[in-house]
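J.: One structure coming up, written as structure tokens, with questions to follow.
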Amino acid sequence: MVENAAATLRGLKVLLVEDDDNMRDILRWTLEGAGASVVPVGSGGDALAVIAAAVRDGAESGCFRFAFQGPPAWHKRLLAELVALRIRCGGMVYGDQGIFARRDVYLELGGFPAWPLFEEVQLVRRLRARGTFRVLPRALAVATRRWERDGWLRRTLHNRWLALRFALGSRPEALAARYPALLPSDAEHER
């Protein structure tokens, strides 16, 4: 999923975003050299400037802060704070946070495995081990429709259960079978 998008990118830098929700409409660019020439798509122009500044300041890779789309709500803020705490404590960053990496670093680390789920985990661990992974100050807002469809608590617990099972050694293919497929309304939205 993410690997397909990453393989088609050209230029010296690579942005890796989850092929989900509104991510592919938010950002697309080519960063060339240290000065970075940026081509924004949609509303992501200022996000590109934040990435370019981080790369100029020495970041080889990173991600955006996690946030939800839509009007503010206590449960959205709580989940976003819990994600931030998880990351500060060394926990995993997932594709819905708009993972980015310099192209040379991405290629050096071998990119993504061909897994249907959790394909970013191995790469993010390697990126973070290099010591130049940055969580950017700007949030990348994730669509709420799956949480609204499944219930906020149920969706969150299900996601954490899958992540725990993966961390304990379950195969991504087996876990993907437990990850709900897109509903027709989601597929229509994706077009």
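The values are calculated or read from the model by the stated rules, or taken from the named source; none is laboratory data. No experiment lies behind these values; they were computed from the predicted model shown. As a convention, Cβ positions derive from the backbone with ideal geometry for all residues, glycine included, and neighbour counts pool all protein chains shown.
J.: Filtering segment 103-148 down to residues that are aliphatic (A, V, I, L, M) and closer than 19 Å to Arg56 by Cα, which residue is farthest from the chain's Cα centre (by Cα)?
T.: This residue is Val105.
J.: Going by the structure shown, is Leu82 assigned to a helix (DSSP H, G or I) and either acidic (Asp, Glu) or closer than 26 Å to Leu153 by Cα (or both)?
T.: yes
J.: Something else about it: Output the residues belonging to segment 136-181 that are surrounded by 15 or more Cβ atoms within 10 Å (Cβ to Cβ), part of a loop (DSSP other than H, G, I, E, B) and not polar (S, T, N, Q).
T.: Across segment 136-181, the qualifying residue is only Ala143.
J.: OK, next. Just the residues that are among the basic types (Lys, Arg) and touching a residue at least 40 places away in the same chain (Cβ under 8 Å), please, taken from segment 93-127.
T.: Across segment 93-127, the qualifying residues are Arg102, Arg103.
J.: Tell me yes or no: at least one residue of segment 50-73 is of a type outside the set (Val, Ile, Thr), modelled with pLDDT of 50 or more, loosely packed, with under 15 Cβ neighbours inside 10 Å and outside any loop (DSSP other than H, G, I, E, B). Even if it seems obvious, please write down each step before you answer.
T.: Here is the first cut: in segment 50-73, the ones of a type outside the set (Val, Ile, Thr) are 52-54, 56-73.
Okay, now just the ones that are also modelled with pLDDT of 50 or more, so 52-54, 56-73.
In the following step, the residues that additionally are loosely packed, with under 15 Cβ neighbours inside 10 Å were identified as 53, 56-58, 69-73.
Now drop any that are not outside any loop (DSSP other than H, G, I, E, B), which leaves 53, 56.
So far as segment 50-73 goes, yes, one or more of its residues are of a type outside the set (Val, Ile, Thr), modelled with pLDDT of 50 or more, loosely packed, with under 15 Cβ neighbours inside 10 Å and outside any loop (DSSP other than H, G, I, E, B).
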